[in-house]
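Have a look at the structure below, then the notes.
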Amino acid sequence: MNLKTLVKSMMLTAAVSLPATAAQLEISITNLTHGNHFTPILVAAHGADTSLFKAGEKASPELQKMAEGGQIDDLVTLVEGANGVTVKNPANGLLAPSGKTDKFSFDTGDRKYLSVVAMILPTNDAFIGLSNWKIPTEKGTYTLNLNGYDAGTEANNELVLEGSGMAGVLGIPVAPGKDAGTGGSGLTDSSSNDKVHIHPGVLGDLDKSGGVSDLDSRVHRWLNPVARVVVTVK
């Protein structure tokens, strides 16, 4: 074997032995809550300079729309405008509680980071969140437990009010399980935290036609984690 052939062979061997990029993923998302739904989920693969949210910082207008009304279009535009790729609403609607799971494939190309968000209903501005998780290059299955975050953009008054799904309009837009009450007087939210933070959880009460909250403490309260994401790198 001459030198030219030897060098070519070494280059091919080196190329084969390099770790593959994490381009092909199989993802499942499970709703771990007892009685809360997730709005259409956004899964994004992107570069290090893009973030859907950052804990401890103020929510962007795009995140606020998602956290208060489940609207993901502006976040999609943000990600795709920065050369990211997205999977939009893989469950084709709401993801129901009590262990319901959605599974899908995702070709992330050469993007190195994964993020996931979806509003938790019924809440004022709670959402499931995964931010800038570095996608492994090694094949295998990775399990991530996601906390519920508070966007810090709206007081948690726990009242279901028609028309409140718009950003900046106080209230919970809907209770998808039709298991909320009415006529609550509203909780007084003394929190001054206007940054994205771990959600304190809802309080609720047992009064279906009054009390301080429209939420049912037996149904809508949760403990973290609220979602489980399983990522298989193929």
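We did not get these values from a lab; they are worked out from the coordinates using the rules stated. This one's a predicted model, so the numbers in the text were calculated from it and none came from an experiment. Glycine also receives a Cβ, built like all others from the backbone with ideal geometry; neighbour counts cover every protein chain displayed.
Determine ³J(HN,Hα), in whole Hz, for all residues of the stretch 192-207 in sequence, where each value follows from phi through the Karplus function 6.51 cos²θ - 1.76 cosθ + 1.60 and θ = phi - 60°; x replaces Gly and Pro.
Rounded to whole hertz, the list is 10, 7, 9, 9, 5, 8, 4, 5, x, x, 8, 9, x, 7, 10, 9.
Grab the beta carbon distance between residue 208 and residue 155, set R0 = 30 Å, and tell me the FRET efficiency rounded to 0.05.
For R0 = 30 Å, the calculated efficiency reads 0.85.
Using Cα springs under 10 Å in a Gaussian network model of the chain, which residue among 143, 86, 153 shows the largest mean-square fluctuation?
Between 143, 86, 153, it is 143 that shows the largest mean-square fluctuation.
Count the net charge of all other residues whose Cβ sits under 10 Å from the Cβ of residue 199, scoring Lys and Arg as +1 and Asp and Glu as -1.
Surrounding charge for residue 199 is -2.
Give the shape of the stretch 22-130 as rounded, prolate or oblate, defined through the alpha-carbon gyration tensor: a ≥ b ≥ c are the square roots of its eigenvalues, a/c under 1.5 means rounded, and otherwise the shape is prolate if a/b is larger than b/c and oblate if not.
Cα axes put the stretch 22-130 in the oblate bin.
Residues with amide H under 5 Å of residue 222's amide H, sequence separation 5 or more or different chain, H placed in the peptide plane at 1.01 Å from N; which?
Amide H neighbours of residue 222: 202.
Contour minus end-to-end for residue 188 and residue 162, with contour as 0.36 nm per residue of separation and end-to-end as the Cα-Cα distance?
The span from residue 188 to residue 162 would gain 7.4 nm if fully extended.
Assuming 0.36 nm per residue, please report the length gained on full extension of the stretch residue 105 to residue 54 beyond their Cα-Cα distance.
Full extension from residue 105 to residue 54 adds 15.8 nm.
Could you tell me the calculated FRET efficiency between residue 234 and residue 82, based on Cβ-Cβ distance and R0 = 25 angstrom, to the nearest 0.05?
Efficiency at R0 = 25 Å is approximately 0.50.
Amide H neighbours of residue 108 under 5 Å, at least 5 residues apart or on other chains, H built in the peptide plane: list them.
For residue 108, whose amide H was placed from the backbone, the distant partners under 5 Å are 24, 25.
From the residues 69, 114, 95, which one has its Cα farthest along the dipole of the chain in the positive direction, the dipole being from +1 and -1 charges on Cβ of Lys/Arg and Asp/Glu about the Cα centre?
The residue sitting farthest along the positive end of the dipole is 114.
Could you calculate the FRET efficiency of residue 92 with residue 134 from 1/(1 + (r/R0)^6), where r is the beta carbon distance between them and R0 is 25 Å, rounded to 0.05?
Computed FRET efficiency for residue 92 and residue 134 comes out at 0.30.
What distance in nm separates the two pseudo spin-label positions at residue 34 and residue 224, each 7 Å out from Cα along the beta-carbon direction?
Reported label-point gap for residue 34 and residue 224 is 2.0 nm.
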